[in-house]
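Here is the structure we will look at.
Throughout, read-outs are computed from the coordinates displayed, never taken from laboratory work. Small disclaimer: the values here were computed from a predicted structure and weren't measured. No Cβ is skipped: glycine too gets one built from the backbone with ideal geometry, and neighbour counts run over all protein chains shown.
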Amino acid sequence: MSPLLRTLAGYSWRLLAVGAVTYVVFVVLGRFHEIGLAVFLGLVVTALLRPPVALLSRVLPRPLAVATALIGAIVLVLGALAFVGETVASQWAHLVSEFRDGLDRIQQWLAGAPLQLDPHALSDAQAKIGTYLSSHRSTLLNTAVTGAGRLVEALTVIALALFCSVFFIHSGDRQWHWFCGQFPDGPRQRMAVAGRAAWRTFTGYTHGIVLVAATNAILVGVALLLLGVPLAVPLALLEFFAAFVPLIGSPVALAVAAVVALAVKGPVTAAIVVALIVLIGQIEGHLLHPLVMSWAVSLHPLVVALSVVTGAIAAGVVGAVVAVPLVSVLWSVRQSLRTPVPPG
């Protein structure tokens, strides 16, 4: 066999092996994606709560410090959700009235110059939407029932994530040392180095993305309050959670705010909100991410974009959220393993 064929054969079986391993990994993750998501959320909670637990452990026993931090975090999240629900409920009737008036204004504006759309066509479109909803009521009901099942799955994942986070926060270091101790000295040292690098990158990314999301939410909330757009606080909270999807999350959340502003306040306010989308995108891309994230995550923006799109294609919104920290951790592990480990 010629050297060229021998080389090609060597690369071929390696590619086949990598492809087989990748396929198995995706099959396993697809079969047990709820467990993987719960472990990921548990790690996020651990990264966020370990600093306050370390502070509380100075005056409290560690189990009590873990319980105090977790209960405080749960109360904070539930309080924020309750506040948002109360805000929406108190403004709902007024908001529906403003939406109807706003839709009429939008219809008049579209029918006037320069667009001059046929008002009958707009009325027909509204009638068709109403007819569609009426004729597909059973389908919508089945979708709602499916959504209820999804809610049960989500609550199960959250409960498992909290359960995992309790053990990760309380004794995660001991668990990792025990796991590494099951291997010989050489691989154990490499795994310890890789684990430290992975956790450092993951915690840095988690803290950084939370800070970026909080900054975006504050900017959006203040701007919407100044513009008089209703539901400013829920829209700011939507912006906070959307910021966890890099590059595309914030524009989508602000687009929702622009639609609300267009229906309630008119095209001028909506145009200001669109300008706000551009401004916050520039602040996030050129100021917040370079300052907050560069020390923890060293990825080119193209890699971030490809990771988000690939994750979204593979696993929807969850994949888009998990993709960047996963790629960052893998890259950090690779960089750490390239450095020789000192003996002993």
Margin query: At 7 Å along Cα-to-Cβ for each site, give me the label-to-label distance between L337 and R200 in nm.
Written below: 1.7 nm
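Rank by packing, highest mean first: peptides 54-67, 220-233, with packing defined as the count of other Cβ atoms within 10 Å averaged across residues. Kindly include the intermediate steps, with their values, before the conclusion.
Details: 54-67: 14.2, 220-233: 18.1.
Taking the mean over residues of other Cβ atoms within 10 Å, the ranking is 220-233, 54-67.
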Item checked: Rg(Cα) / (2.2 N^0.38 Å) computed for region 176-223, rounded to two decimals -> 1.88
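Subtracting the Cα-Cα distance from 0.36 nm times the residue separation, let me have the gained length for W13 to V259 in nm, one decimal. Present the calculation step by step, with values, prior to reporting the outcome.
On the way: separation 246, 0.36 × 246 = 88.56 nm, distance 5.35 nm.
Between W13 and V259, full extension yields 83.2 nm more.
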Next item on the list: Between V317 and T87, with labels modelled 7 Å along Cα→Cβ, what's the label distance in nm to one decimal, could you check?
Entry: 1.8 nm
Item checked: Quarter of Cα convex hull surface for region 147-293, i.e. mean projection, nm² -> 11.9 nm²
Check: Quick one: if the Förster radius is 51 Å, what FRET efficiency do L326 and S57 give, using the C-beta to C-beta distance and rounding to 0.05?
Finding: 0.95
Checklist line | Shape of region 228-285, Cα gyration tensor, a/c cut at 1.5 | finding: oblate
Check: Roughly how many nanometres apart are two label points built 7 Å out from the Cα toward the Cβ at Q189 and V77?
Finding: 4.1 nm
